[in-house]
1. Beyond 13 Å, what share of the Cα-Cα pairs of the stretch 1-51 remains, rounded to the nearest whole percent?
2. Quick one: length gained pulling residue 133 to residue 36 fully straight, 0.36 nm per residue minus the C-alpha distance?
3. Pull out the extension gain between residue 28 and residue 5, defined as 0.36 nm times the separation in residues minus the alpha carbon to alpha carbon distance; nm, one decimal.
4. What ranking of 103, 31 emerges when the number of other C-beta atoms within 10 Å of each C-beta is taken as an exposure proxy, fewest first?
5. Eigenvalues of the Cα gyration tensor times 5, then square-rooted: what semi-axes does that give for the stretch 96-145, in whole angstrom, largest first?
6. Please list, in chain and number order, the residues 5+ apart from residue 88 or on another chain whose amide H is under 5 Å from its amide H, with Hs placed from the backbone.
7. Cα convex hull of the stretch 7-108: how many Å³ per residue?
8. A 29 angstrom limit on the alpha carbon distance is what I want to check against. Which of 47/137; 6/35; 35/137; 55/131; 6/30 exceed it?
Amino acid sequence: MGLDMKRSDLIRSIFEGTSYSLRHVVETVKESGAKADVLRICGGGAKSRTWAQIKASMLKMPVYLLDETSGDVPVGDALIVGHKVGVFPDLTKAVEQIVKVNEIIQPIDEWVNAYDKLYPYYVEMYRDLDKDLKRLKSTVDGLLV
């Protein structure tokens with residue numbers, strides 16, 4: 001941050017920071033054997049096309065912007081539960097029938113390359129931050145005695 005930073009720069013940095021965090025989560029999930037090929041988003045944050053573009057480029061996968069009538073997280077939960085109890089024998093087919101996609105945002109190669117170069121720094125700082133926060137908590141706890 002600096003005195004020459006514009007409001008738009010600050011907002012973009014927030015979008016990118018949260019997207020780095022999302023990438024970290026997705027990579028952790030993939031390491032456990034899960035699969036993720038697309039990101040589906042809806043709600044307030046999905047209204048920012050720039051943020052969706054950043055997420056697509058950060059994750060190197062398409063971002064599906066869902067129609068407002070598709071619902072939010074509870075719809076996904078209901079679909080999963082419905083599949084588990086036999087209401088939706090084919091989960092993929094049920095999703096295609098209920099969840100409507102307004103637009104698909106593809107990654108921008110130039111952004112992908114930049115985020116790939118910077119991502120290792122995010123992970124390293126995240127790991128250091130965890131140690132630093134534990135040390136800080138210990139110090140604060142000692143002050144409160």
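1. On the way: 876 of 1275 pairs.
Distances greater than 13 Å cover 69 percent of the Cα pairs.
2. Details: separation 97, 0.36 × 97 = 34.92 nm, distance 3.07 nm.
Length difference between fully extended and current span is 31.8 nm.
3. Values: separation 23, 0.36 × 23 = 8.28 nm, distance 3.28 nm.
Gain on stretching residue 28 to residue 5: 5.0 nm.
4. Details: 103 12, 31 8.
Starting with the residue having the fewest Cβ neighbours, the order is 31, 103.
5. Numbers: eigenvalues 332, 83, 9 Å².
Largest first, the stretch 96-145 gives 41, 20, 7 Å.
6. So residue 88 has HN proximity to 83.
7. Details: hull volume 10.7 nm³, N = 102.
So the per-residue hull volume is 105 Å³.
8. Details: 47/137 37 Å; 6/35 38 Å; 35/137 36 Å; 55/131 27 Å; 6/30 36 Å.
As for pairs spanning more than 29 Å Cα to Cα, those are 47/137; 6/35; 35/137; 6/30.
Values quoted throughout were computed directly from the atomic coordinates according to the rules given, and no laboratory measurement underlies them. Being a predicted model, the structure only gives us computed values, none of them experimental. A quick note on method: Cβ atoms are made from the backbone with ideal geometry, for glycine too, and the neighbour counts reach across all protein chains shown.
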